[in-house]
Amino acid sequence: MRILILGAGAVGLTVAAKLSAHAEVYAVCRKRYADAIAANGFVMTGIWGEGTYHFPCGESAPAGPWDYIIISTKSAATREVCERYRHLFGDAEVVSLQNGIGNEEVIREYTRHVIGAMIITGFEWRAENAVHVSVDGGETVFGRFPDGSDAAVRTLADLFSSSGMRSCVSSAVRSAVWSKALYSCSLNPLGAVMECPYGDLLRVPAWNIITEIVREAFAVSKAEGVELPQKSAEEYLEFLRNEKIPPTAGHYSSMYQDIAGGRMTEVDYINGAIVRLGAKHGIATPVNRTIVNLTHFKEELR
Ligand SMILES: NC(=O)C1=CN([C@@H]2O[C@H](COP(=O)(O)OP(=O)(O)OC[C@H]3O[C@@H](n4cnc5c(N)ncnc54)[C@H](OP(=O)(O)O)[C@@H]3O)[C@@H](O)[C@H]2O)C=CC1
Ligand SMILES: CC(C)(CO)C(=O)C(=O)O
């Protein structure tokens, strides 16, 4: 099986390392990472095990055909990589292994073969050739986008699982992507702005803000026709408090880490998507809008 990973950073390089024992993998990444990996291998630490991995990577992609093309850029770069590598898509299954709302919809403009995914594992840079896998909030979910599942989806999920990344298939992956987006809307920007781990966001003043974020986002998800497993915002908040925060309570959000590392956050594709889609449906989203502005303010102050 031939797998190409486009925009490999913390997530993509770690996934490439894990898959490399079971498939032919190539990671397209920035030169500084490719040089560091060529010199010293890719070093993984944390809950997925410790080891040094060697796999091919570089700034440009080898010729196809590819069975799977995994996009693991930040959301802002999804269209750019689609434009640049569309000539390789062919009959490959193109997979969004990203956070945020709208990535699969962009990819679908370039190919009919779109697989969506929801990943809730934490990946933290330690060096240009080193990533620490920090927390595991559940299985990675794969599904045909926007819904359904088939042999290509199952093969990919099985490959991830047999490579040590526990995964499953859902016939409602859009719902899984939105469920993670609500989690990210609630926890990531507040954790970044207040510089605290997820567990601290259970404190009453933070939870009051999260309650409003989720109420707005839940209303927008309904207007978009997304069927979440939870039937109301209040039910989602209970799920967040009791099931999603506890296993990742000590985690500092990836937006916190982006700001600390001098990178732009994805807030425009998370809370910002709620604001844009809310406007489309005439749903007011003042708390999400304020969170977007606070996060950009924080980005500018660094
Ligand atoms: N880190 C985490 O814990 C988790 C992240 N995610 C999601 O996964 C996605 C990836 O996150 P993450 O790996 O942390 O992000 P990173 O920023 O570490 O990796 C993305 C990489 O893509 C590179 N890139 C962008 N455009 C191109 C291009 N045209 N060619 C080659 N490389 C390119 C970026 O380079 P440059 O920075 O120079 O633009 C960057 O190195 C995001 O959607 C994120 O939200 C999901 C779960 C957990
Ligand atoms: C908890 C984690 C790492 C899971 O993906 C996350 O969502 C984030 O920090 O953005």
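The values are calculated or read from the model by the stated rules, or taken from the named source; none is laboratory data. These numbers come from a predicted model, not from an experiment. Heads up, the Cβs are rebuilt from the backbone with ideal geometry, glycines too, and the neighbour counts pull from every protein chain shown. When the accessible area is computed, the model is the full protein with side chains, heavy atoms only, and any ligands, DNA or RNA have been set aside. Shrake-Rupley method; radii C 1.70, N 1.55, O 1.52, S 1.80 Å.
Quick notes on this one:
- From ALA219, ALA181, ALA249, residue being within 16 Å of ligand 1 (Cβ to nearest atom) and either within 18 Å of ARG276 (Cα to Cα) or of a type in the set (Lys, Arg) (or both): ALA181
- Residues considered: ALA10, ALA21. Of these, the only one that is open to solvent by 10 Å² or more (accessible area, probe 1.4 Å) and within 16 Å of ligand 2 (Cβ to nearest atom) is ALA10.
- Once segment 6-26 is narrowed to residues that are in contact with a Leu (Cβ under 8 Å, 6 or more places away or on another chain) and not in a helix (DSSP H, G or I), the residue that is farthest from PHE89 (Cα to Cα) is HIS22.
- Odd one out for GLY90 among (1) within 21 Å of LEU19 (Cβ to Cβ); (2) buried (at least 17 other Cβ atoms within 10 Å of the Cβ); (3) without any contact (Cβ under 8 Å) to a residue 60 or more places away in the chain: (2)
- Filtered residues of segment 249-280 (kept if among the charged types (D, E, K, R) and over 14 Å from SER75 (Cβ atoms)): LYS280
- Subset tally (residues that are open to solvent by less than 10 Å² (accessible area, probe 1.4 Å) and among the polar types (S, T, N, Q)) for segment 95-122: 2
- Some residue of segment 148-167 being surrounded by fewer than 21 Cβ atoms within 10 Å (Cβ to Cβ), at pLDDT below 95 and within 16 Å of ligand 2 (Cβ to nearest atom): no
- Among residues of segment 130-143 that are near ligand 2 (Cβ under 9 Å from one of its atoms) and assigned to a loop (DSSP other than H, G, I, E, B), those with a beta-carbon under 6 Å from a residue that is open to solvent by 30 Å² or more (accessible area, probe 1.4 Å) and not charged (D, E, K, R) at least six positions away or on a different chain give the pairs GLY137/PRO247.
- Residues of segment 234-244 satisfying the condition of being buried (at least 21 other Cβ atoms within 10 Å of the Cβ) and of a type in the set (A, V, I, L, M, F, W, C): LEU240
- Applying the condition of being touching a helix residue (DSSP H, G or I) at 6+ places or on another chain (Cβ under 7 Å) and farther than 11 Å from PHE55 by Cβ to segment 5-28 and asking which residue is farthest from ligand 1 (Cβ to nearest atom) yields HIS22.
- You will find that of GLY90, GLY41, GLY64, GLY58, the residue that is modelled with pLDDT under 95, assigned by TED's automatic domain parsing to the domain that holds ARG166 and over 14 Å from the mean Cα position of the chain (by Cα) is GLY64 and no other.
- Looking across segment 87-102, the residues that are touching a strand residue (DSSP E or B) at 6+ places or on another chain (Cβ under 6 Å) and under 13 Å from ALA176 (Cβ atoms) come down to SER96, LEU97.
- Scanning segment 178-206 for residues that are outside any helix (DSSP H, G or I) and either open to solvent by 20 Å² or more (accessible area, probe 1.4 Å) or touching a strand residue (DSSP E or B) at 6+ places or on another chain (Cβ under 7 Å) (or both), we see that the one that is nearest to ligand 2 (Cβ to nearest atom) is PRO197.
- Residue match in segment 144-161 (condition: touching a residue at least 60 places away in the same chain (Cβ under 8 Å) and part of a loop (DSSP other than H, G, I, E, B)): no
- Across segment 168-177, the number of residues qualifying as open to solvent by 10 Å² or more (accessible area, probe 1.4 Å) and either within 15 Å of ligand 1 (Cβ to nearest atom) or part of a loop (DSSP other than H, G, I, E, B) (or both) comes to 5.
- Any chance VAL214 is within 15 Å of TYR269 (Cα to Cα), buried (at least 21 other Cβ atoms within 10 Å of the Cβ) and out of contact with any Pro (no Cβ under 6 Å at 6 or more places or on another chain): no
- Just one of (1) within 16 Å of ligand 2 (Cβ to nearest atom); (2) open to solvent by 40 Å² or more (accessible area, probe 1.4 Å) fails for SER75. It is (2).
- Among (1) open to solvent by less than 30 Å² (accessible area, probe 1.4 Å); (2) within 16 Å of ligand 2 (Cβ to nearest atom), the one test that ILE47 misses: (1)
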